[in-house]
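Structure, as structure tokens:
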Amino acid sequence: MFGLTIKQLSAVLFLGTLVLGTISCAASASNEEFFGRTEPPADNVLRYISGDEPESLDPQLSSTQPDARIFLALYEGLVEYDKKTLDPVPAIAERWDENADSSEFVFHLRKTARWSNGDPITARDFVYSFRRGISPELTSRSASLAYYIRYAESYNQGAVFVRDPQTQQFLLEKDFTTASNTIIPLSQTPLTANVVEYKPTAEEPTPDRDTPFHQLMHSPTRLTLPGNEQARAAFLAKNPKLQTAVAGREFVKVKGEDIGVEAIDDYTLRLSLTQSTPFFSGLLANQFFRLVPQKAVEQYKKDWTNPAHIVTCGPFKMKSWRPYNELALVRDPMYWDAANVHLDGIRFFPLADQPTMMNLYRVGEVDAVANHSIISAWVDSVRFKKDYMAAPEAAVIYIVMNVTKPPMNDLRVRKAFDMAIDKETALKWRKIVKPLKGVTPYGIFPDYPEPKSNSFDPVKARQLLADAGFPVIQNSNGSYSCPKFPVDQVEYLFPSASSNKITAEFWQAQWKQNLGITVPLRSMEFRTFADFRSKLEYKGFAFGGWVGDYMDPFTFLSIFYTPENDNNTGWWDQRYVNLLDEANRITDKQKRYAMLAQAEQIMVDAQPIIPIETGTVNWTKKPYVKGMYPNASSLFPWKYVYIERDRSKWDYGTPSLAE
Amino acid sequence: MLRFIIRRLLITIPTIFVVITLTWGLIRLAPGNFYTAERSIPKAIRENIKEKYGLNKPWYVQYGKAMWPIVRHLDFGNSLKYQGQPVSNIIARSLPVSATIGLLAYLLALILGITFGSIAALKQNSAWDYASMAVAMLGISIPNFVVGPLLVMVFSLSLYWLPPARWGGFWSKSLILPVLTLSGLYMAYIARLTRAGMLEVLRSDYIRTARSKGLRERDVVIRHALRAGLMPVVSFTGPALAFLLTGTVVVERIFALPGLGNYFIQASLNRDEPLIIGIVAFIAITLLLMNLLVDIAYAYLDPRIRY
């Protein structure tokens, strides 16, 4: 068995999945109301399949969504996701204030919050956690989520400040910047006597604004340079003005103490940001911003997540952990809202094989399964059951195009390939997914204006190809061919999974039928694929997708924000970035959305991607599981979940996400 | 004999070293990295990761860093994917699971395989022979990723007798289906090998001699025929046991068992270098030891073989 290569092995596993899928599916073709047995468990403990084995129980180290679901039980942050809308709701922070341009936040912590060992939770715990998460030594892969915090990016990158050894003055960024139209956010403008940072609330006086740290935050941004000597030398070589200014100065490493996180007192936390970030409070529910216990981390180092050492702050705490088998949690009596936690415990089962998950669900060994546990072959036998959860998902799927290589560097060719796909037919055939016009998902942000995208128009597509120098000829039998098109320069690259192959064949057939071009298909093992795509080594087309990190269109639009090819297409436009920056400074939601949409339109018109579909959450829960809603990211604040034994109060169908 | 064993054990060490080196090299050749994900990580964070794990060093430094703790303390380091977990802990935790399933499947395969194989040989060309060989043929040709789901369909989804997956402990109902699935192929092989070996031996001169001396048929079969007839079985079951004990990818996957095989496949897909090297080294050692045991068993079973 071990003589197999990875490819063969994946093929065998895939076949296994398929066989298991087909066989088990055949066994379930019945007219039952629900998918499998609906006997509530004897004890008040939820059994949930969380997906892949957790990478770590350290919320700042693991960035995956299956792990996020576990962290929602074990840890809490300043805010928590709303169970339906995923908007930020108070958690350890009772309430918070935002300054006029959303570049500074003050959080008021509740005084009753405690760790699972009984220690009180204070603002200093947040200062420690944020500094640790951002520190370069931790190498958290989510650290970039915190780059909005002042100097966080520099700290994470190991950058240095430049200081004059005599005067102890730091060089300032504004003296060396080349951009002319930079707008300084309110968090960085000097505080004069008549500035009102926050609207005064009746409950408490506004926090002390005269702390030395706060004054420092409100002074001009210091210049930072790469910490690595070679990188710094290379950077300075390109800036003669900087080179002379730096001569004779000393370099001071950016430290954790420099980032814009301040404990004003035990229960007040102030965050200074680099820019206007209206969605920042929503971002804070991400696992990266949840609390980690300083004492345990410092005492046990990397072993602090061992069941014997772990200290948590969520509604549930660790009972036992057997990797690849079961993570058992129990209700934490120390939790500030323990009275409102319904379940006595949760058992998380990490599993990767979808048919196996659904079999366990069917026989009643588990009460709910992770999102996307239903393989496409099963969808038809599950989606009409009353325990099937259907709702739009904050996830999109598209085809990326390599705009750096011919023939896809020609906008007309990219448009032609987009227009040649009949997406309406595709949607009907894919059954459960929703349309997609740009890169922001459909139906997730209700007031967000949809961009205008190409409609299905094979005639115009052929015309565009002809304009680009690849005339499409109609053959005598009515089919098309495009002899001049360099077919050997394109292919559609996708990660090997059955569902990807089926859709790939659909696009291929559409292009063949409408353009007369047969794009070769090529599948790859996932990491090989991701490597190829990120290095822009693919030719023509590749599979693309994105899952939102927080509930704001910007989480999707930011894919195209950095020039460093996070979008795997090679496309980048300064105008796009400027519009996004400008939009994020607008506090009026409607106006901000309009400007974000304007930016999105620039991207859609440049067509680095072919939008395909908005995802749909796709999982099942037993009807007796209540308080668990099919929200857009399948993230469940577990304290609201309970087991209902009265049949008349069960969920018969998808529970409504409306209030 | 003792010199032979010592010599074989000494050869094991360089062999393992070569296996580990090759594995290390192959992981380097595979595109992608343990931190490759659907979304690309900012360059600065990638640099931090490279710095932390020494991935920005020349290859010989990386090789030395990987090998030295192994040579020095047999320390395989920590998993890169399951952050902070030592490879030795992962192996120590998952081996008992694989070994339990594997050993039970092995014993089942051995007992039933030898029984059916012997019956088939003794009653050659009878209905017994045809029936058991037909079943054996099915066992060999139906892969376990079909057998497993079929068993699940019957015993879990239709009859609700047994759990369809998951590890329920070392003595639980959840062991039954994986053990049955796993043993099928080996049982079939052993039955066929036993039959072939027995048939050959039953026709040999010394069996005829034994019979003509008036020995009871039971003694002829058990003391003489079976002992020699099992030689091919022994050479097959040695390496087979090694594979069974160290985890079987497909069965562990189908039944979601926290065994070595499951970790091995995940480690390869995750490019989890220390974990891959640790498991490969462990499997290689087990395999070499099992082969040694086979050779010793040969010498014991067949008086004609001496080392």
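Summary of computed values
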{"read-out": "Partner chain coverage, peptide B:155-161 - average Cβ within 10 angstrom", "value": "3"}
{"read-out": "The stretch B:249-302 versus the stretch A:61-102: alpha-carbon centroid distance in Å", "value": "43 Å"}
{"read-out": "Dipole of the stretch A:88-289 [Lys/Arg +1, Asp/Glu -1 at C-beta], most positive-end residue of A:Gly260, A:Leu171, A:Tyr198", "value": "A:Leu171"}
{"read-out": "Helical contribution to [θ] at 222 nm, DSSP H n ≥ 4, -39,500 (n - 2.57), averaged over chain A, rounded to 500", "value": "-8000 deg cm²/dmol"}
{"read-out": "Accessible area of B:Lys123 in the full protein assembly, 1.4 Å probe (Å², nearest 10)", "value": "100 Å²"}
{"read-out": "Span-rule helices in chain A, defined as complete DSSP H runs reaching 18 Å or more along the axis (Cα) with Kyte mean at least 0.5", "value": "A:6-27"}
{"read-out": "Nearest-0.05 FRET efficiency for B:Arg223 and A:Lys501, computed from C-beta distance (R0 60 Å)", "value": "0.55"}
{"read-out": "Burial ranking of peptide ranges A:301-314, A:578-591 (average Cβ count within 10 Å, highest at the top)", "value": "A:301-314, A:578-591"}
{"read-out": "Efficiency of FRET between A:Lys111 and B:Lys43 - r from beta-carbon atoms, R0 41 angstrom, step 0.05", "value": "0.45"}
{"read-out": "Protection proxy ranking, peptides A:329-335, A:47-53, A:380-386, B:252-258, average beta carbon neighbours within 10 Å, highest first", "value": "B:252-258, A:47-53, A:329-335, A:380-386"}
{"read-out": "Most to least accessible of B:Leu74, A:Leu46 (protein chains only, probe 1.4 Å)", "value": "B:Leu74, A:Leu46"}
{"read-out": "Set of aspartates and glutamates with alpha-carbon distance to A:Lys535 below 15 Å, sequence-local pairs under 8 removed", "value": "A:Glu564, A:Asp566, B:Glu38"}
{"read-out": "Student exercise, the protein assembly as shown dipole from Lys, Arg, Asp, Glu Cβ charges, in Debye to nearest 20", "value": "3740 debye"}
{"read-out": "Candidates B:Arg93, B:Arg208, B:Arg166, ranked by Gaussian network fluctuation over chain B, Cα under 10 Å, top entry", "value": "B:Arg208"}
{"read-out": "10 Å Cβ neighbours from other chains, averaged over peptide B:27-40", "value": "6"}
{"read-out": "Accessible area, probe 1.4 Å, largest first, for residues A:Tyr561, B:Tyr300, A:Tyr624, B:Tyr160", "value": "B:Tyr300, B:Tyr160, A:Tyr561, A:Tyr624"}
{"read-out": "Lys/Arg +1, Asp/Glu -1 at C-beta; the stretch A:88-289 dipole; positive extreme among A:Phe235, A:Ile121, A:His108", "value": "A:Phe235"}
{"read-out": "Centroid-to-centroid separation of the stretch A:591-659 and the stretch A:269-344 [C-alpha atoms, Å]", "value": "24 Å"}
{"read-out": "Residue order for A:Lys255, A:Lys539 - accessible surface, 1.4 angstrom probe, largest first", "value": "A:Lys255, A:Lys539"}
{"read-out": "In Å², nearest 10: area of B:Lys52 left accessible to a 1.4 Å probe", "value": "100 Å²"}
{"read-out": "In the stretch A:478-526, the trypsin sites (Lys or Arg not before Pro) that fall in loop regions by DSSP, at most 16 other Cβ within 10 Å", "value": "A:Lys484"}
{"read-out": "Solvent-accessible surface (1.4 angstrom probe) belonging to A:Thr518, in square angstrom, nearest 10", "value": "60 Å²"}
{"read-out": "Point-to-point label distance, A:Ala466-B:Ile140, nm (Cα→Cβ direction, 7 Å offset)", "value": "6.4 nm"}
{"read-out": "Rounded D (µm²/s) - chain B, Kirkwood Rh over Cα pairs, Stokes-Einstein at 25 °C, 0.890 mPa s", "value": "110 µm²/s"}
{"read-out": "Average other protein chain Cβ within 10 Å of Cβ, residues A:134-140", "value": "4"}
{"read-out": "Calculated log₁₀ intensity ratio I(q)/I(0) where the Debye formula runs over C-alpha points of the stretch A:68-107, q = 0.20, 0.32 Å⁻¹", "value": "-0.68, -1.07"}
{"read-out": "Carbon and sulfur %, accessible surface of the stretch B:87-270 computed with the full protein complex present, 1.4 Å", "value": "68 percent"}
{"read-out": "Alpha carbon centroid spacing (whole Å) that separates the stretch A:485-499 from the stretch B:170-204", "value": "45 Å"}
{"read-out": "Residues of chain B: accessible area per residue with a 1.4 Å probe, Å²", "value": "48 Å²"}
{"read-out": "Solvent-free Debye scattering, log10 I(q)/I(0), computed from the Cα coordinates of the stretch B:163-307 at q = 0.11, 0.20 Å⁻¹", "value": "-0.59, -1.17"}
{"read-out": "Calculated P(r) of the protein assembly as shown - Cα pairs past 41 Å, %", "value": "47 percent"}
{"read-out": "Charge-dipole axis of the stretch B:87-270 as Lys and Arg at +1 and Asp and Glu at -1 on Cβ define it, positive-most pick from B:Ile140, B:Ala225, B:Pro258", "value": "B:Ala225"}
{"read-out": "Dipole moment magnitude, nearest 20 debye, the stretch B:156-307 about Cα centre, only Lys, Arg, Asp, Glu C-beta charged", "value": "720 debye"}
{"read-out": "DSSP H segments from chain B that extend 18 Å or more along their own axis, Cα-based, with Kyte-Doolittle mean of 0.0 or above", "value": "B:2-29, B:87-122, B:127-141, B:176-202, B:231-245, B:273-301"}
{"read-out": "Computed magnitude of the charge dipole of the stretch A:225-325 (debye, nearest 20; Cβ of K, R +1, Cβ of D, E -1)", "value": "400 debye"}
{"read-out": "Value of relative contact order over the stretch A:29-135, rounded to a whole percent, pairs C-alpha under 8 Å and six or more apart", "value": "12 percent"}
{"read-out": "Radius ratio Rg over Rh of the stretch A:68-222, counting only Cα atoms, Kirkwood formula for Rh", "value": "0.99"}
{"read-out": "Ranked by how many other beta carbons lie within 10 Å on average, peptides A:162-170, A:347-355, A:452-460 from highest", "value": "A:347-355, A:452-460, A:162-170"}
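The values are calculated or read from the model by the stated rules, or taken from the named source; none is laboratory data. Since the model is a prediction, treat every value here as computed from it, not as a measurement. Glycine also receives a Cβ, built like all others from the backbone with ideal geometry; neighbour counts cover every protein chain displayed. All accessible areas refer to the heavy atoms of the entire protein, side chains included, with ligands and DNA or RNA removed. Shrake-Rupley method; radii C 1.70, N 1.55, O 1.52, S 1.80 Å.
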